[in-house]
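Below is one structure, written out as structure tokens; the observations come after it.
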Amino acid sequence: MCRIIYVIVEGQTEEQFIKRILSIYFSKFQIYFKPIIIETSRTPHQKHKGGFVNYNHIKRDIQKVIKNGDCYKVTTLVDFYKIPSNFPGKENIPSGDIYEKVHYLEDCWSNDINDSKFIPYIQIHEFEALLFSDIIGFEEVFPDKKEEFLDIILRFPNPELINDNPKTAPSKRIESILKPSKYSKPFHGIDIAEIIGIEKMIEKCPHFREWINKLKNS
């Protein structure tokens, strides 16, 4: 049976990740994805898309998609890093480790949407964390910086534990090595992800693996 899962994402990079990587992997399970970038605001003449700055924007998009006749499930790909202040449960987020925090927020989100079609997913800490699943991606795209990226990978138990404050988020670490002008998230980020492969990300990133298994078994 063909199953269509809608994925609400923050921007073009996440959209391309769904199209070029996740969709190919899941096609063997007869699961197909339709990524939708968050609609952040509306004017009489245009719509603005991208970014996760207001919870109400993504809630509206989720509820809209759930009503689609071909929607089997709807999930999300949004960053824990800089999650909006009006996100459900954020004012009472526990003081435990990152996994406890994210599971708590996902449970609050699920309760707020209150629909069996909804599978919440918050990426720890941001998309770039996945790129640290294996050195091979950075090695091929930025060979002269291999040792600097490898040093980061070896210092942490897994890529989801790399961030410890806003100045050291995975994307900030990449920019500190390359200079912001040398790293393009939509271009380099997806190329690196394709080189690494989703299987390695599943192996190295526990919360990401949990999400993949939920989608497989939905």
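The values are calculated or read from the model by the stated rules, or taken from the named source; none is laboratory data. In this text, all values refer to a predicted model and were calculated from it rather than measured experimentally. Every residue, glycine among them, receives a Cβ derived from its backbone with ideal geometry; neighbour counts consider all protein chains shown.
Just need a number here: residues in region 178-203 that are touching a Pro at 6+ places or on another chain (Cβ under 9 Å) and part of a loop (DSSP other than H, G, I, E, B). Full working, then the answer.
First, pick out the residues of region 178-203 that are touching a Pro at 6+ places or on another chain (Cβ under 9 Å): 201.
Those left that are additionally part of a loop (DSSP other than H, G, I, E, B): none.
Count: 0.
Give region 118-152 a look and list any residue that's in a helix (DSSP H, G or I) and of a type in the set (Ser, Thr, Tyr), or say none. First the steps, then the outcome.
If we filter region 118-152 for residues that are in a helix (DSSP H, G or I), which is where we start, we get 127-133, 135-141, 143-152.
The one that is in a helix (DSSP H, G or I) and of a type in the set (Ser, Thr, Tyr): Ser133.
Go through (1) farther than 15 Å from Val78 by Cβ; (2) in contact with a helix residue (DSSP H, G or I) (Cβ under 8 Å, 6 or more places away or on another chain); (3) assigned to a helix (DSSP H, G or I) and name the single condition Glu175 misses.
(2)
Restricting to region 1-41, give me the number of residues that are surrounded by fewer than 19 Cβ atoms within 10 Å (Cβ to Cβ), in contact (Cβ under 8 Å) with a residue 60 or more places away in the chain and assigned to a strand (DSSP E or B).
Of the residues in region 1-41, 2 are surrounded by fewer than 19 Cβ atoms within 10 Å (Cβ to Cβ), in contact (Cβ under 8 Å) with a residue 60 or more places away in the chain and assigned to a strand (DSSP E or B).
If a residue has to be part of a helix (DSSP H, G or I) and more than 16 Å from the chain's Cα centre (by Cα) to count, how many in region 204-218 make the cut? It would help to see each step written out before you state the result.
Initial filter on region 204-218 (part of a helix (DSSP H, G or I)): 204, 206-216.
Subsequent filtering for residues that are more than 16 Å from the chain's Cα centre (by Cα) retains 216.
Number of matching residues: 1.
Suppose we filter Phe142, Phe127 for residues that are modelled with pLDDT under 95, farther than 30 Å from Ile5 by Cα and among the hydrophobic types (A, V, I, L, M, F, W, C); which single one remains? Please lay out each step first, then the result.
Details: Phe127 fails: farther than 30 Å from Ile5 by Cα.
Unique residue meeting the criteria: Phe142.
Of all residues in region 135-155, which are of a type outside the set (A, V, I, L, M), in contact (Cβ under 8 Å) with a residue 24 or more places away in the chain and surrounded by fewer than 21 Cβ atoms within 10 Å (Cβ to Cβ)? Even if it seems obvious, please write down each step before you answer.
Going residue by residue through region 135-155, those that are of a type outside the set (A, V, I, L, M) are 137-140, 142-149, 151, 155.
Now drop any that are not in contact (Cβ under 8 Å) with a residue 24 or more places away in the chain, which leaves 137-138, 140, 142, 145, 148-149.
Across region 135-155, the qualifying residues are Glu140, Phe142, Lys145, Glu148.
Among all residue pairs at least 6 apart or on different chains, which show Cβ distances below 7 Å where the first residue, located in region 59-74, is at negative phi and of a type in the set (A, V, I, L, M) and the second is at pLDDT below 95 and assigned to a loop (DSSP other than H, G, I, E, B)?
Every condition considered, the pairs that remain are Val65/Cys71.
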